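Notes to accompany the following structure.
The values are calculated or read from the model by the stated rules, or taken from the named source; none is laboratory data. On a predicted model such as this, the values are computed, not experimentally measured, just so you know. With ideal geometry, Cβ positions are generated from the backbone for all residues, glycine too; neighbour counts draw on all protein chains shown.
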Ligand code: CO
């Protein structure tokens, strides 16, 4: 039992699995850049775990002491953990976006952020300034010989995978125009039907307006664009993630409208100008991946708000999609509020839903698979777009209610079994990444890697779990020399960068 300090100053005893104060520690900036072998290890790093985990997320939560309004507005910082012969090496570096360099030089906030960071001086200093900072902080992926930091509002930044030095914006030989978006959630198709079974990367970009445009990109193993197609969808459609099957790209359009006036007047963040329309359906657009194929389909489901999907696959006339769905937008903040004081109890949980899209009858059925608050799923890379049994996800320690993530859960979709490893009361988990054991057959034969913030020591650990068995606890905990602010997404590559 721990005491819990409410932000209104009311002291009360709570049965919560965490304290707000502990959780807040993970939202301090990490200003230093490190480069070292991790020598403080509990347990053993598996010798056959070979390759590099790249992670992205906000490294700075303030600019020279001026606090940013929302972590999603923080400057992107890459963490790289390289595993080789039972040892691990850590390195982190900031992405040198133009905005990062300018603000570091000026020592103050110069740009507005999508999620509410304002320039100092009140709304008058912000009015009619519609230029928004590219934080490059959402995801990082190594593909086609390039390490790319992704942020959906603009083109990616390319980095040197050895030094993490920023090399500049990547436009893929002119496929992207200047400033054109490139989604932060590419999907890797393990065996592309359009390309004779070779793996390919599928991604998209959104151009938002009264009617929105979805552009789909497919790249081969060498990073060359092999297909590109554009599709209009009615209405304002901010889409963060999507999912693929061998034949389709599937987009869930959250029912929101944008009232842009408070943003233009400098009074609100553009993200906080979105209004959720609970009486409107979620629109689901299913686009054939073969650019020659006709027949984009649109289906409707009950309203809900989705950031992330787990996976999708085809079953006869149906496409099955597993997603983390909220009742409403969970991220908006009032202009005067502080995200560190967020009242988790006031947020509805993200829950695991399965959607059955019937392409013949044009109907959607949905089913709640798990009510525990969760988000940031990861699964076996060979099962993307195909029927699958297991995935791994960040979750709340408690089975009910909304709370910061403290647990990692292995979900068995076939048996319904859940295995939970929790870092509560003082630990807070980040996105898990599943890494298959080389030459393994079983879908859960491999490791789950995650950064876990340990508030007791104000440092982060790289936690390695045996994906076959979460119940035995971590097989290794690698203690970093410092904390890493709570991050967003990342990826593993079997290539070793040191
Ligand atoms: Co995301």
Residue tally, condition buried (at least 17 other Cβ atoms within 10 Å of the Cβ) and either more than 21 Å from the chain's Cα centre (by Cα) or part of a loop (DSSP other than H, G, I, E, B) (or both), over segment 52-66: 4
Qualifying residue in segment 151-163 (condition: assigned to a loop (DSSP other than H, G, I, E, B) and on the phi > 0 side of the Ramachandran plot): no
Any hit, segment 283-304, residues being within 16 Å of the ligand (Cβ to nearest atom) and either crowded, with 19+ Cβ neighbours inside 10 Å or within 25 Å of the chain's Cα centre (by Cα) (or both): no
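Residue by residue, here is whether (1) part of a loop (DSSP other than H, G, I, E, B); (2) on the phi > 0 side of the Ramachandran plot; (3) within 16 Å of the ligand (Cβ to nearest atom); (4) out of contact with any helix residue (DSSP H, G or I) (no Cβ under 9 Å at 6 or more places or on another chain) holds:
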position	(1), (2), (3), (4)
178	yes, no, no, yes
184	yes, no, yes, yes
205	no, no, yes, yes
215	no, no, no, yes
230	no, no, no, yes
239	yes, no, yes, yes
Meets criteria (under 17 Å from the mean Cα position of the chain (by Cα), closer than 21 Å to residue 26 by Cβ, assigned to a strand (DSSP E or B) and at pLDDT 95 or above) for residue 409: yes
Count - residues of segment 94-128 that are over 24 Å from residue 140 (Cβ atoms) and surrounded by fewer than 20 Cβ atoms within 10 Å (Cβ to Cβ): 14
Flag for residue 125 being more than 16 Å from the ligand (Cβ to nearest atom) and assigned to a loop (DSSP other than H, G, I, E, B): no
Residues that are in contact with a strand residue (DSSP E or B) (Cβ under 7 Å, 6 or more places away or on another chain), more than 16 Å from the ligand (Cβ to nearest atom) and within 30 Å of residue 252 (Cβ to Cβ), drawn from segment 155-176: 155, 157, 158, 169, 170, 172, 175
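Quick grid of which residues meet (1) surrounded by 18 or more Cβ atoms within 10 Å (Cβ to Cβ); (2) part of a loop (DSSP other than H, G, I, E, B); (3) within 16 Å of the ligand (Cβ to nearest atom):
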position	(1), (2), (3)
439	no, yes, no
442	no, yes, no
448	yes, no, no
457	no, yes, no
463	yes, no, no
478	yes, no, no
481	no, yes, no
484	yes, yes, no
492	yes, no, no
Number of the exception - residue 200 against (1) touching a residue at least 60 places away in the same chain (Cβ under 8 Å); (2) crowded, with 20+ Cβ neighbours inside 10 Å; (3) under 25 Å from residue 319 (Cα atoms): (1)
Hits in segment 350-384 (condition: touching a residue at least 60 places away in the same chain (Cβ under 8 Å) and within 16 Å of the ligand (Cβ to nearest atom)): 375, 376, 377, 378, 379, 384
Residue 280 being surrounded by fewer than 21 Cβ atoms within 10 Å (Cβ to Cβ), assigned to a loop (DSSP other than H, G, I, E, B) and more than 16 Å from the ligand (Cβ to nearest atom): yes
